[in-house]
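Beneath this line is the structure, given in structure tokens, with notes to follow.
Quick note: the coordinates plus some simple rules give every number you see, no bench work behind them. In this text, all values refer to a predicted model and were calculated from it rather than measured experimentally. Every residue, glycine as well, gets a Cβ built from its backbone with ideal geometry; the counts of neighbours run over all protein chains shown.
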Amino acid sequence: MSSPAAEFSAAQAVAAGTDFAELKVGAEGLVWNEFRPSDGACRLWHWQQGQARCLTPDGFSVRSRVYEYGGGSFCLGGDGVVFVNEQDQQLYTQALDGSAPRPLTQQVDCRYGDVQWHDGQVLAVEERHAGQVEHRLVAIAESERAVLAEGADFYAAPTLSDDGTRLAWVEWDRPAQPWTHTRLMCRERKAEGGWGAAYCVAGTDESLQQPRFDTQGRLYCLSDRNGFWQPWGEHDGNWQALPATPADHAAAPWQLGASTWLALGPNSYVASWFEDGFAQLGLRMDDGEMQRFASPYSRFRSLAMDDQQLYAIAASPLSPPAVIAIDRRSHVVSVLAGGAELLPSARISLPEPIHYPSGDGNAHGFFYPAMSGDTPPPLLVFIHGGPTSACYPVLDPRIQYWTQRGFAVADLNYRGSTGFGRDYRQALHLRWGELDVQDACAVVGYLAGRGLVDRRKAFIRGGSAGGYTTLCALAFHDVFRAGASLYGVSDPLALGRVTHKFEGDYLDWLIGDAQADAERYRQRTPLLHASRITVPVIFFQGELDAVVVPEQTRAMLDALAANGLEAEGHFYAGERHGFRNAQNLAHALEQEWKFYCRVLGQ
């Protein structure tokens, strides 16, 4: 492999990791939330008349931690913005002139997320930590707080019709997850004031997300009742599917505040959907015509629209995330922020979609060829977290870091990932640690059979749930030379005892009941089978992680060391589940590369 001195450095890869979380548009312009690894903070930027300026002062970071994964951290309202401050999880208001934020709430035992503005009040999901964790929907004004819905275990997406007469939201109860079974609920304002009783609009054997009202007050929502998350809505008194491409129009709702579609009329909407893992963006007209936009991009998030422009956070295989504006008439795309050149296009490894056999099924992913070094090259298999998540064919500085160093990369959407329909997403039910591991191992043989990689030099890495798949693959299969676990699960039972409410029943769905299926847990717990791991492993862990606690990683390290195996651990003070500090991110990436080089004897 080539010398790192001439390549894309770990610090450069991390510095290129600027990302955008969400955006909103209003009469006073466009506002987006931007994360820069240089300081680890999320800051709001206001764009108006061709100029962007930062609104968020030092000492603030705009990020919700509701359900631990957050989302919906700000909204436009009044003469400014309302946002969730990361440190105290309280709501603040701030004028668009950049003046100092002012606290709106002072509920020290509460967190807020999925914030929406309507007619002088903020609608939000409230998470109260007082003994047991409780969730409800609330409306907050300057001098009062009103409960809009309570009694369910979880809430998302409070949405009011333009005239304020209808309120819709999504809710679900344990043991369901938001991508398995949810309900679309609605209340209507009474003529004498106040709200009528809540009633269920939809919620059979389906997952619903992103409710929307059109300008006539008709309610719509994405439902996977027909196998994919597609638009459904009220039409002539019935709840029915809208004409749509048979594909997922959203990813799994791990975070609040997603916006991958906008309802316009009875059969008209703007939406993004997936085709072979690549996202498309289009406007479906009432007459069935489909207008497509921004075809060079392969992922779209946070759609918003005004009379002239369609806005999105977009990325492509050649460009990192950017805030873009698309002229609705000419379809001309303007980049408002981000999207800066990472590497010359000739040096960028481009994703090839792969669909390959695995066990009794098939799996998806993207293959990135090595840009230098040996032929055939070593392979690094990327396992995303979730596991009900996905990887996307966009320019990822981490992947380019490896391809510049002579590694080919397989970025997998193993069975259980989103973007390929409900059946594919549900495939991991009771089979986590089995099918995902099969898919990770099978891709090595598939790519080696095509002459694209050296099967004797295959490595595997993953974070969170991806770390669990990594450890299972190392313990139960003889395929990989070494692996890296980033805040990965090594003991599912231990995770189940300490994990947070949002994922409190997830393991029951993925593996089974802790008592009734104790043997299945034993068979799929890497910590109990550490003696079967015969290759080196490197671990990276945040000391403040509340999802996978540091004790899990330390226990795995101790078990491997007791067996005389090469195992290396790096623990980072101040980091939670997923690293944010630029120095830590660069250190972890570089240490992982050096670790693989030692394994290869280089």
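Listing for the model above:
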| item | result |
| --- | --- |
| Theoretical ellipticity at 222 nm over the chain - DSSP helices of four or more residues, -39500 (n - 2.57) apiece, nearest 500 | -4500 deg cm²/dmol |
| Contour excess over end-to-end distance, with Cα ends at L430 and Q49 and 0.36 nm allotted per residue | 131.9 nm |
| Estimated translational D of the chain in µm²/s (Stokes, Kirkwood radius over Cα pairs; 25 °C; 0.890 mPa s) | 99 µm²/s |
| Where a label projected 7 Å from the Cα of R218 along Cα→Cβ would reach, residues of region 143-167 with amide N under 19 Å | 160-167 |
| Residues of type aspartates and glutamates that K24 reaches as a straight line, Cα spacing below 12 Å, ignoring anything fewer than 8 places off in the same chain | D306 |
| Mean separation of Cα contacts under 8 Å (6+ apart) over length of the chain, as relative contact order % | 9 percent |
| Low-density loop positions, GluC sites (Glu not before Pro), region 1-103 - DSSP coil, at most 14 other Cβ in 10 Å | E28 |
| Cα long-axis angle, helix 435-449 against the chain (0 to 90 degrees, to the nearest 10) | 60 degrees |
| Solvent-free Debye scattering, log10 I(q)/I(0), computed from the Cα coordinates of region 279-434 at q = 0.13, 0.17, 0.18 Å⁻¹ | -0.74, -1.07, -1.13 |
| Cross-link reach list, aspartates and glutamates versus K594, counting only Cα pairs under 12 Å and skipping chain neighbours closer than eight places | E568 |
| Cα-only Debye scattering, region 249-304: base-10 log of I(q)/I(0) at q = 0.15, 0.21, 0.23, 0.24 Å⁻¹ | -0.43, -0.80, -0.93, -0.99 |
| Euclidean distance between Cα centres, region 482-530 to region 403-471, Å | 19 Å |
| P(r) tail fraction, region 288-336 - alpha-carbon pairs more than 14 Å apart, % | 48 percent |
| Inter-label distance, nm, simple model (7 Å from Cα along the C-beta direction), A573/E289 | 6.3 nm |
| Pairwise FRET efficiency - Q87 versus H477, Cβ, R0 = 41 Å, nearest 0.05 | 0.40 |
| Rounded to 10°, Cα long-axis angle of helix 550-562 versus longest principal axis of the chain | 10 degrees |
| Volume in Å³ per residue [convex hull over Cα atoms, computed for region 348-599] | 118 Å³ |
| Global geometry of region 517-602, whether rounded, prolate or oblate, following the gyration tensor of its Cα atoms and the 1.5 cut on a/c | oblate |
| Percent RCO, i.e. relative contact order, over region 63-138, from Cα pairs under 8 Å lying at least 6 residues apart | 26 percent |
| Virtual spin-label span in nm between A130 and D558, 7 Å along Cα→Cβ | 3.8 nm |
| More than 15 Å apart - percent of Cα-Cα pairs taken over region 475-518 | 54 percent |
